[in-house]
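The structure appears right after this line, and notes come after that.
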Amino acid sequence: VAPGFAPPAEWFDQPKFTGPQPITVDAETGRLMGHLAAWGTCHVGFRDRCVTPPRSASGYGFFHTARIPVSTGHLDVGIITMDTGHAPIEMTAASSISHYDNTGTQAAVCRVGEDQFGIWVAGVTLPFVSAEERLRLSLASFSGDWRHIRGGAELVAALAVNTPGFPMPARKTGADNVEYALVAAGALPPAVKADPAPATGGLVADVTVDDGEVGRIVLGG
């Protein structure tokens, strides 16, 4: 980390949201916050079934693998990357992390947790990120990569993308310029219970479709 980089510790605290919020990046300060995914939102990669975001059994310990200085000391954080795509679904958790380390630009550091609305993110861009990259990051959406670890699905990476797997609600305003709704584009009614994957990575879900048939699928992020 660059000399002198010690952002305010409170920037990594759980935000006090009143509803699901897309991740926003302040183009001036680099501070970012929002939800990586909202509970009950269906992954867009599965059109005939609903796969919803998994909860972490480790408190996101497999994501918070970096340590940085902050205004009050040091803090374990996770890294958000940009300029890379999702790791292939067949990769193991370790290989997935290596994929992002080797192909992406480290763009921001953050803490991740859970509230009643979804998986929240709070952090800041890294000091060597240029003004142009910060602007690009502020215009991006964000996506997570969950892998099978110790019997559960755990977040191992987060990245800036054009189209996330779990669509986040978009703010809607009326003619009077007053915000009146949050709409998750592409969201479907929850209809699945997610279980951990048994093989090399990803998230397996037991899915009950309209005709009562149960199937199993793998989710990669």
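Any read-out appearing in this document is the output of simple, stated calculations on the displayed coordinates, not a laboratory observation. Since the model is a prediction, treat every value here as computed from it, not as a measurement. Glycine also receives a Cβ, built like all others from the backbone with ideal geometry; neighbour counts cover every protein chain displayed.
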Item to check | Estimated distance in nm for a label pair at Asp76 and Phe128, the labels positioned 7 Å out from Cα along Cα-to-Cβ | outcome: 2.5
Checklist entry - Which of the peptides 151-158, 24-31, 113-120 is most tightly packed, and how do the rest follow, judged by the mean count of other Cβ atoms within 10 Å per residue? => result 151-158, 113-120, 24-31
Checklist entry - Long-range amide H contacts for Ile80: which residues qualify at under 5 Å (H placed 1.01 Å from N, peptide plane, sequence gap of 5 or more or a different chain)? => result Ala107, Ala108, Val109, Cys110
